[in-house]
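In what follows, a single structure is set out as structure tokens and then discussed.
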Amino acid sequence: MIKDITLGQYFPGNSAIHRLDPRTKLLGMIAYIVIVFLVTKTPVFIIPALFAAICIYLARVPFGYVLRSLKPIRFLLVFMFIVNLFMVRTGKTVIAFWIISITDEAIKQSVYITLRLVLLLVGTSLMTLTTTPIALTDGLERLLMPLSKIHFPAHELAMMMTIALRFIPTLIEEADKIMKAQMARGADFESGNLIKRARNMIPILVPLFVSAFRRADELAMAMESRCYHGGEGRTKMKVLHLSKVDYITLIVCVLYLAAFITANILLPAAIVR
């Protein structure tokens, strides 16, 4: 399960998505996330799903590799779906048994929550798979640079997010080593119910946290020894430039937003239902 976590990992390639400016990918991801949260009709989910599928194809990343990111949260998806079935009481009752009552609005809400989680995880995984952590740092810092005029720590925030993304694969590899060492000593992480399996993860979490704090301390010492004092006066080895492809991509994102507004708001309700 640990190896199925793809968030924060980089998939090397030379596709059209890989070559895009990180600022273009970040802006496209923001638009994608906003639209996923604003969708209020089930058929309209086709728009962000189709957009994600096209991006995966253009990125030349194996589709199964992206879907692997859903495997670690399959229990969360099922849990969220079931919880939302009983949280919503409005609407027409579809299932009524003893004290259990499920309405059509509850089913819709459960489907919305599940689809949103799936699409958000697929989209964010694709961005990290096609963008190096350094490129993400530079792109995020450039986007937040206008806020530095009001003393917003753009460089520091970008550095924090990049370090967090950079250490996800490292911690995954460390957790896998600890798990294999515990399994060699007779530990069982696969059998039993959900509570028992969660309790069996404690021998992994303790040494993993110790290792994470040790790596953080080593990173801080390394940055201080290199006289790191923030982003003031620092230069970039690779200066970001928006190309013609980036402008075309931004135009496509605008058309994507227009298609969403048309399908989700302007079309008659009889068409989208």
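Against the conditions (1) open to solvent by less than 50 Å² (accessible area, probe 1.4 Å); (2) touching a Ser or Thr at 6+ places or on another chain (Cβ under 8 Å), ALA31 satisfies every one except (2).
If you go through segment 34-44 and keep only what is in a helix (DSSP H, G or I) and open to solvent by 10 Å² or more (accessible area, probe 1.4 Å), you end up with VAL34, PHE37, LEU38, THR42, PRO43. For PHE75, the criteria (1) farther than 25 Å from TYR256 by Cα; (2) touching a Leu at 6+ places or on another chain (Cβ under 9 Å); (3) surrounded by 13 or more Cβ atoms within 10 Å (Cβ to Cβ) hold in every case but one, which is (3). Filtering segment 45-54 to residues that are open to solvent by 30 Å² or more (accessible area, probe 1.4 Å) and of a type in the set (A, V, I, L, M) leaves ILE46, ILE47, ALA49, LEU50, ALA53, ILE54. THR90 meets the conditions (1) farther than 21 Å from PRO169 by Cα; (2) open to solvent by less than 70 Å² (accessible area, probe 1.4 Å); (3) not in a helix (DSSP H, G or I) in every case but one. The failed one is (2). The set of residues from segment 240-254 being touching a residue at least 24 places away in the same chain (Cβ under 8 Å) and either more than 11 Å from LYS25 (Cα to Cα) or of a type in the set (A, V, I, L, M, F, W, C) (or both) comprises LEU240, HIS241, LEU242, SER243, VAL245, LEU250, CYS253.
A quick yes/no check of all residues on (1) modelled with pLDDT under 85; (2) open to solvent by less than 90 Å² (accessible area, probe 1.4 Å); (3) more than 20 Å from PRO169 (Cα to Cα); (4) out of contact with any Cys (no Cβ under 7 Å at 6 or more places or on another chain):
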| position | (1), (2), (3), (4) |
| --- | --- |
| ILE204 | yes, yes, no, yes |
| ARG214 | no, no, no, yes |
| LYS244 | no, no, yes, yes |
| LEU257 | yes, yes, yes, yes |
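Look at (1) touching a helix residue (DSSP H, G or I) at 6+ places or on another chain (Cβ under 9 Å); (2) open to solvent by 30 Å² or more (accessible area, probe 1.4 Å); (3) of a type in the set (Asp, Glu) and you find that GLU156 fails only one, number (1).
Residue count for segment 55-66, restricted to those that are open to solvent by 60 Å² or more (accessible area, probe 1.4 Å) and either among the polar types (S, T, N, Q) or part of a helix (DSSP H, G or I) (or both): 3. Look at segment 65-77: where a residue is farther than 17 Å from CYS55 by Cα and a partner is at pLDDT below 75 and open to solvent by 70 Å² or more (accessible area, probe 1.4 Å), sitting 6+ places away or on another chain with Cβ atoms under 8 Å, you get LYS71/MET1; PRO72/MET1; PHE75/LEU194. Consider VAL210 against the criteria (1) within 24 Å of the chain's Cα centre (by Cα); (2) of a type outside the set (S, T, N, Q); (3) open to solvent by 40 Å² or more (accessible area, probe 1.4 Å); (4) modelled with pLDDT of 80 or more: it satisfies all of them except one. Which criterion is unmet? All conditions pass for VAL210, except number (1). So if I check each of SER69, SER101, which one is touching a helix residue (DSSP H, G or I) at 6+ places or on another chain (Cβ under 7 Å), open to solvent by less than 40 Å² (accessible area, probe 1.4 Å) and either modelled with pLDDT of 85 or more or among the polar types (S, T, N, Q) (or both)? The match here is SER69.
When segment 159-182 is filtered for residues that are among the hydrophobic types (A, V, I, L, M, F, W, C) and either in contact with a Ser or Thr (Cβ under 6 Å, 6 or more places away or on another chain) or open to solvent by less than 70 Å² (accessible area, probe 1.4 Å) (or both), the ones remaining, listed by number, are MET159, ILE163, ALA164, LEU165, PHE167, ILE168, LEU171, ILE172, ALA175, ILE178, MET179, ALA181.
The values are calculated or read from the model by the stated rules, or taken from the named source; none is laboratory data. Fair warning: this is a prediction, and the values are worked out from it, not measured in the lab. Cβ coordinates were reconstructed from backbone atoms using ideal geometry, including for glycine residues, and neighbour counts include every protein chain displayed. Surface accessibility is based on the protein's heavy atoms, side chains included, excluding ligands, DNA and RNA. Shrake-Rupley method; radii C 1.70, N 1.55, O 1.52, S 1.80 Å.
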